[in-house]
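Novice: Just dropping this structure here.
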Amino acid sequence: MSLFHFKEFVIDQENCPMKINTDGVLLGASASLAKVKTVLDIGTGTGVIALMLAQRSHDILVDAIDIDHLAFEKANVNFENSLFHQQLKAHHHSFLEYFDLNPSKKYDLIVTNPPYFLNALKSPKASNNISKHTTEQFFIDLISKS
């Protein structure tokens with residue numbers, strides 16, 4: 001089993017295409033939570049950013065979404081196994097689907113560690129491509145919907 005231990009929680013990242021990385025940990029540690037009660041984590045993966053935010057503030061509620069079914073399941077298990085499970089909810093949707101399903105939902109903070117490879121050589125594994133590769137339209141949609 002591939003476990004990553006944090007101060008107050010453990011992440012199971014076995015079989016995840018995107019393992020815990022510096023980008024995600026820095027975002028989870030540095031995002032400002034002043035006056036934040038609701039958070040949307042887009043592309044949650046293992047759920048590390050959502051868990052770090054919940055660990056930092058027991059007053060916030062986090063909706064965490066991921067388009068990849070295995071990532072959604074892994075995040076859900078990681079949430080359920082944490083002290084912060086009541087603050088966290090995983091959803092299996094793309095952010096476009098999620099916003100369409102929840103048009104009136106508003107958040108104090110939206111975080112994401114999105115895929116960022118444009119026009120790069122792709123992996124033979126589809127799950128790696130979902131978590132690491134994107135298009136310019138993805139960023140346009142992300143900004144306009146957020």
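Novice: Among His69, His93, what is the fewest-to-most ranking by other Cβ atoms within 10 Å?
Specialist: His69, His93
Novice: Between Ala64 and residues 5 or more places away or on another chain, which pairs have amide H atoms under 5 Å apart, with H built 1.01 Å from N, and which residues are they?
Specialist: It is Asp41, Lys89, Ala90, His91, by chain and number.
Novice: Hey, another quick one. Rank the residues Thr38, Thr22, Thr112 as a footprinting-exposure proxy: fewest other Cβ atoms within 10 Å of their Cβ go first.
Specialist: Values: Thr38 14, Thr22 7, Thr112 17.
Lowest count first: Thr22, Thr38, Thr112.
Quick note: the coordinates plus some simple rules give every number you see, no bench work behind them. This one's a predicted model, so the numbers in the text were calculated from it and none came from an experiment. Using ideal geometry, Cβ is built from the backbone for each residue, glycine included, and neighbour counts are taken over all protein chains shown.
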